[in-house]
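Worksheet for the structure shown next.
Values quoted throughout were computed directly from the atomic coordinates according to the rules given, and no laboratory measurement underlies them. What you see is a predicted model, and the numbers here were worked out from it, not measured in a lab. Here the Cβ is made from the backbone with ideal geometry for all residues, glycine too, and neighbour counts use every protein chain on show.
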There are 2 protein chains.
Amino acid sequence: MTEQNRQILLVSRPDGEARADNFRLVETPLAPLGDGQVRVRNHYLSLDPYMRGRMNDTKSYAPPQPLDEVMIGGTVGEVVESKHPKFKAGDKVVGMFGWQEYGTSDGTNLKVVDDTHVPLSAYLGPVGMPGVTGWYGLNRIIEPKAGETVVVSAASGAVGGVVGQLAKAAGCRAVGIAGGEDKCRYVVESLGFDACVDYKAGKLHEDLKAAVPNGIDGYFENVGGEVLDAVLLRMNAFGRIALCGMIAGYDGAPLPLKRPALILTQRLKMQGFIVSEHLEDWPQALTQLSGLVAQKKLHYRESIALGLENAPEAFLGLLKGRNFGKQLVKLI
Amino acid sequence: MTEQNRQILLVSRPDGEARADNFRLVETPLAPLGDGQVRVRNHYLSLDPYMRGRMNDTKSYAPPQPLDEVMIGGTVGEVVESKHPKFKAGDKVVGMFGWQEYGTSDGTNLKVVDDTHVPLSAYLGPVGMPGVTGWYGLNRIIEPKAGETVVVSAASGAVGGVVGQLAKAAGCRAVGIAGGEDKCRYVVESLGFDACVDYKAGKLHEDLKAAVPNGIDGYFENVGGEVLDAVLLRMNAFGRIALCGMIAGYDGAPLPLKRPALILTQRLKMQGFIVSEHLEDWPQALTQLSGLVAQKKLHYRESIALGLENAPEAFLGLLKGRNFGKQLVKLI
């Protein structure tokens with residue numbers, strides 16, 4: 001039996017903003033499974049801001065996404081056929097199969113997970129790369145102390161929500177920055193942040209100042225641009241900034257930092273990181289995060305697009321902040 | 001006997017560039033020495049870039065220099081009269097008496113030094129605050145490993161010269177950035193750096209690229225502005241940047257950082273520091289630095305203005321990079 005696989009390829013690189021026609025949906029027949037291989041039907045595809053960087057052919061921490069190949073990305077799904085001793089049909093797995101319905105693998109980077117207490121999709125969110133990203137930046141770079149103020153941008157997103165909730169649990173004042181009243185309400189009421197600043201309300205500096213009466217000790221940056229400029233002006237001496245994303249500058253011209261001298265005058269530490277380079281911390285982080293999700297002490301929200309063919313549009317929306325919570329594509 | 005003291009006061013704050021008329025020379029009679037006091041005739045006054053920041057009335061790591069008071073600054077001199085048990089006439093001392101010929105103190109922040117093997121003026125340079133500044137930024141933030149490339153701006157200056165020589169001693173490739181052919185020649189030929197880039201030659205990016213064939217792992221920043229932008233483009237993954245000075249932005253409008261996203265994509269650490277906040281490291285640093293100076297293994301150069309009245313002009317020249325080596329005023 002030959003089944004068809006549907007895949008989305010990157011077929012051109014953006015000149016400025018990413019566009020739907022940078023991608024193409026193709027159908028390809030699935031080759032028969034070889035010895036030592038395992039085949040997975042993906043249930044969810046993760047869409048993440050880092051993918052925008054991979055679309056460019058510029059120097060970065062990772063090689064660019066090759067043209068005319070399946071777009072990369074994290075996936076969760078179920079083993080449908082296995083000629084690999086470690087996997088059997090029915091296993092739920094987390095992988096990196098990218099934007100396609102079926103993935104075939106020799107088992108590398110494929111992990112069986114238990115979805116009894118943790119929903120399968122959460123392995124792409126709070127109990128996956130986004131969750132560990134928040135955990136790492138907070139615990140390894142910001143190193144929050146009780147009583148300090150921690151601010152996070154894109155606070156309603158997959159990473160930001162984890163950062164704020166873990167900061168609260170560490171005894172900090174947690175303040176989010178998000179786009180729009182709905183997201184801000186969710187950040188405070190559902191995620192339990194102390195405050196949230198709506199950067200779209202037109203008075204970012206004023207609202208941020210009011211939200212951090214004691215200044216800012218730790219900042220988790222997912223956004224860059226004017227938000228970073230505003231936060232820098234409120235940083236306390238010896239503050240720590242974990243740079244995780246600069247999504248504001250992913251499309252188009254590089255965004256400058258207006259007052260870098262504040263890093264000196266306030267004796268700040270600003271550090272960029274990529275969570276996949278710190279695998280030694282993943283087990284500890286995932287143990288904590290899966291425990292919190294299973295106990296329903298760590299809240300999160302998903303924004304789910306239906307069908308592989310809608311992945312490009314959902315991805316472009318993510319870059320514009322149109323998602324609300326972790327952006328997924330459900331592969332129906 | 002009443003002697004006259006000559007002092008330089010800050011009498012106005014700069015609006016943009018600092019100017020000579022921000023300062024005023026005054027003569028004041030010396031009050032008779034009280035019990036527990038010690039009087040010092042200053043021999044050298046240290047001029048340092050940080051003083052420009054203190055002239056502004058803006059939020060910074062230190063309170064602004066008050067108007068109509070003696071400009072702050074490090075000094076070395078000799079005790080001429082003492083009613084303090086720990087000091088006697090003839091003692092050579094390092095203090096913070098500022099821009100004046102005589103200093104009177106209760107002994108606070110006054111330290112007797114030995115000028116047998118280390119010239120007195122060196123306690124304002126390689127064996128003083130500038131030397132410890134270089135030592136701290138290199139050892140505590142950059143943490144160089146043998147084989148790495150370390151770059152330092154203002155390389156012919158009091159701090160920069162120490163950074164490069166210590167980096168060489170640690171087995172690194174040391175590359176300076178300095179203004180003008182003479183300074184660059186001195187940095188390579190007298191201080192032993194592997195290379196030096198003349199930022200005034202008009203092709204900073206090209207020359208820097210040629211000077212760091214393996215990229216940059218550690219950067220000690222004394223300057224800011226376009227030099228920092230150029231260096232950032234050449235930083236290797238996991239590079240460390242010690243921010244010590246942003247002198248390029250001290251006068252006038254804040255200078256932006258053009259591509260802050262490189263801190264993320266290259267996973268850099270950028271950290272500002274003020275050496276006076278790390279007193280726990282001074283003894284170790286000074287022991288090493290004074291040993292190296294006494295053995296003539298650490299080289300340095302001084303730019304000496306003669307007479308207190310010439311301090312403002314020398315200071316303004318320092319801000320323009322007209323000094324060559326550590327800027328001092330000899331109080332004749």
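Using every Cα-Cα pair within region B:129-276, state what percent have a distance larger than 24 Å. Show your work: numbers first, answer last.
Details: 2225 of 10878 pairs.
So the pairs more than 24 Å apart make up 20 percent of the total in region B:129-276.
How much length, in nm to one decimal, is gained on full extension between A:A169 and A:D114, taken as 0.36 nm per residue of separation minus their Cα-Cα distance?
17.3 nm
Name the residue from A:M55, A:L233, A:V112 whose Cα lies farthest towards the positive end of the charge dipole of the protein assembly as shown, charges +1 on Cβ of Lys and Arg and -1 on Cβ of Asp and Glu.
Farthest along the dipole direction, towards plus: A:V112.
Just tell me which aspartates and glutamates come within less than 19 Å, Cα to Cα, of A:K86; anything on the same chain fewer than 8 places away is out.
Cross-link targets: A:D35, A:E78, A:D106, A:D114, A:D115.
About the Cα centre of region A:129-276, how large is the charge dipole given +1 on each Lys and Arg Cβ and -1 on each Asp and Glu Cβ? Please answer in debye to the nearest 20.
So the dipole magnitude of region A:129-276 works out to roughly 420 debye.
Which shape class applies to region A:29-145: rounded if a/c is under 1.5, otherwise prolate when a/b exceeds b/c and oblate if not, where a ≥ b ≥ c are the square roots of the Cα gyration tensor eigenvalues?
On the way: a/c = 2.38, a/b = 1.30, b/c = 1.83.
Verdict is oblate for region A:29-145.
I'd like the FRET efficiency for A:E143 and B:M96, computed as 1/(1 + (r/R0)^6) with the beta carbon distance as r and R0 of 35 Å, rounded to 0.05. Kindly include the intermediate steps, with their values, before the conclusion.
Working: r = 33 Å, r/R0 = 0.95.
FRET efficiency, A:E143 to B:M96: 0.60.
Which residue, B:A242, B:A154, B:A170, has the most motion in a Gaussian network model of chain B that connects Cα atoms within less than 10 Å?
Answer for the Gaussian network model of chain B: B:A170.
Can you tell me the orientation of helix B:282-294 relative to chain B, as the angle in degrees between its alpha-carbon axis and the longest Cα principal axis, to the nearest 10?
On a 0 to 90 degree scale, this one is about 90.
Hey, which lysines would be in cross-link range of B:K92, C-alpha to C-alpha under 19 Å, not counting anything within fewer than 8 residues on its own chain?
Straight-distance partners of B:K92: B:K83, B:K111, B:K330.
Taking the alpha-carbon centroid of each part, what is the distance from region A:86-140 to region A:141-171 in angstrom?
What the calculation gives is 23 Å, centre to centre.
How high is the relative contact order of chain B, in percent, counting Cα pairs under 8 Å that sit 6 or more residues apart? Before the final figure, lay out each step's value.
On the way: 744 pairs, mean separation 57.5, N = 332.
Worked out over chain B, it gives 17 percent.
Which of B:G95, B:G225, B:G134 ends up with the largest GNM mean-square fluctuation for chain B, with Cα atoms connected below 10 Å?
B:G225
Roughly how far apart, in whole Å, are the Cα centres of region A:240-286 and region A:1-30?
31 Å
List, shortest first and in nm to one decimal, how far the label point of B:K88 (7 Å from Cα along Cα→Cβ) is from its counterparts in the other copies.
Taking the point 7 Å beyond Cα along Cα→Cβ, the inter-copy spacings are 9.1 nm.
How far apart, in nanometres, would the label points at B:E189 and A:A253 be if each is projected 7 angstrom from Cα along the Cα-to-Cβ direction?
My value for the distance between the label points is 4.4 nm.
For B:A146, place a label point 7 Å out from Cα along the Cα→Cβ vector, do the same in each other copy, and report the separations in nm, one decimal, smallest first.
In ascending order, 4.6 nm.
Isolated Cys in the protein assembly as shown by the 4.7 Å beta carbon test?
Among the cysteines of the protein assembly as shown, those whose Cβ sits 4.7 Å or more from every other are A:C172, A:C244, B:C172, B:C244.
Taking a label point 7 Å from Cα toward Cβ, how far is A:H117 from its twins in the other copies, in nm, shortest first?
6.5
Mind checking which lysines have their C-alpha under 18 Å from B:K326, skipping anything on the same chain fewer than 8 residues away?
Partners within reach: B:K183, B:K296, B:K297.
For chain B, what is the mean residue ellipticity at 222 nm derived from helices alone (per DSSP H run of n ≥ 4: -39500 (n - 2.57); sum divided by total residues; nearest 500 deg cm²/dmol)?
-6500 deg cm²/dmol
Considering Cα pairs under 8 angstrom that are at least six residues apart, work out the relative contact order of region B:129-276 and quote it in whole percent. Don't jump to the answer; show the numbers that get you there.
On the way: 313 pairs, mean separation 33.3, N = 148.
In percent, rounded to a whole number, it is 22.
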